[in-house]
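The values are calculated or read from the model by the stated rules, or taken from the named source; none is laboratory data. The model shown is predicted, which means the values in this text are computed figures rather than measured ones. Methodologically, a virtual Cβ is constructed for each residue, glycine included, from the backbone with ideal geometry; neighbour enumeration extends over all protein chains shown.
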Amino acid sequence: MIELEGIGKTYRSLTGREVRAVDQLTLRVVPGEVLGVAGPNGAGKSTLISLLLGYLRPSEGVVRIAGMEPRAYVERYGVGYLSELVDVPARWRVQEALTRYAVLAGVPDGELTLRVDEVVERLGLDEHRAKQVRHLSKGNRQRLGLAQALLRGERIFILDEPTHGLDPLWTARFREIVASLRHPARVVIIASHNLEELERLCDRVAIMDRGQLQRVVEVTRVLPMSSAVVYRLTVARGAERLEEVFPGAVDLGRGDWAVRADGLAELNRKLAELIERGTLLAGVAPAQSALEQQFQEAIGEVAL
């Protein structure tokens, strides 16, 4: 459904200096897929989203959505879009804002009330209907932004930092919303710094850095840890013996330690040796998720 071929985007500063925001990016997103986009600040994620929405044109390369230029597609079919910063006029009331956005999205007059009521209920905004946006908390404002993105059943959703400001309850409910959006004819793109959420929600995660696509990770498969994996040990007693078995162990505080092992066989052997020496362990777990490790490797920041 979405094709990017050799995309590049160059900005020119007021001083004439060229800034390369996206460089030779090639990616295809198929119907039915939930794609995550991750990367450090300045990686090019926002520029990529602007290219997909047709706000920007690429300096080179081709972007196509269902065979059309992005802006033409958006104007004809619409896209469910949540921006990173939800900016709704402060004096508008929640009901008024959603009704206005529904009209702009092309929801037929006869369905306006129904669609607004549906998203209000879905995002738990019923008690806030009459409130001005200025009086909403950060989390409620984010839920309002999500509500406006869901007003129509679009074939493409682009959600930029959708869980920003949400409490744990609504973060969990957002996962349910993404699950409900899955459809063989629909694409959902989620840009986020929250790797744990991307790992839970997405089929693949595109990792960007310095404007380039560094790798695409298929998170629906069991991700292999690289040979050198960092583990978190929770030690109840005998932490002074850790260095003897795990050279370079790092004290994380409160009984937690970070250690490195080359694979599960070595980890188990060293843990057995540690226990034999009298150390009492309360817990063992990878210090990073598999996606976190892939991310750090991709951007060249592999930690201990």
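Observations, loosely collected:
- For region 54-86, taking the residues that are of a type in the set (A, V, I, L, M, F, W, C) and surrounded by fewer than 19 Cβ atoms within 10 Å (Cβ to Cβ), the one that is nearest to Glu154 (Cα to Cα) is identified as Ala66.
- Filtered residues of region 126-163 (kept if closer than 26 Å to His193 by Cα, without any contact (Cβ under 8 Å) to a residue 40 or more places away in the chain and not small (Gly, Ala, Ser)): Lys138, Asn140, Arg143, Thr163
- Verdict on Leu27 being surrounded by fewer than 22 Cβ atoms within 10 Å (Cβ to Cβ), hydrophobic (A, V, I, L, M, F, W, C), in the same structural domain as Leu195 (by TED's automatic domain parsing) and in a loop (DSSP other than H, G, I, E, B): no
- For region 108-155, the set of residues classified as closer than 18 Å to Arg173 by Cα and polar (S, T, N, Q) consists of Ser137, Asn140, Gln142, Gln148, listed by residue number.
- Residue selected from region 269-286 under the condition surrounded by 13 or more Cβ atoms within 10 Å (Cβ to Cβ) and among the hydrophobic types (A, V, I, L, M, F, W, C), by the criterion modelled with the lowest pLDDT: Val284
- Residue that is crowded, with 16+ Cβ neighbours inside 10 Å, closer than 26 Å to Leu114 by Cα and in contact with a Leu (Cβ under 6 Å, 6 or more places away or on another chain), where the choices are Val133, Val205, Val188: Val188
- Hey, Arg152 surrounded by fewer than 23 Cβ atoms within 10 Å (Cβ to Cβ) and either of a type in the set (Val, Ile, Thr) or in a helix (DSSP H, G or I) (or both) or not: no
- Those residues of region 63-76 which are within 24 Å of the chain's Cα centre (by Cα) and either part of a helix (DSSP H, G or I) or not charged (D, E, K, R) (or both), in sequence order: Val63, Ile65, Ala66, Pro70, Arg71, Tyr73, Val74
- Complete set of residues in region 97-129 that are in a loop (DSSP other than H, G, I, E, B) and farther than 16 Å from Gly78 by Cα: Leu123, Gly124, Leu125, Arg129
Matching residues to (1) closer than 25 Å to Val30 by Cα; (2) in contact with a strand residue (DSSP E or B) (Cβ under 9 Å, 6 or more places away or on another chain); (3) of a type in the set (Asp, Glu):
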residue	(1), (2), (3)
Pro58	yes, yes, no
Tyr77	yes, yes, no
Leu85	no, yes, no
Thr99	no, no, no
Arg115	no, no, no
Arg134	no, no, no
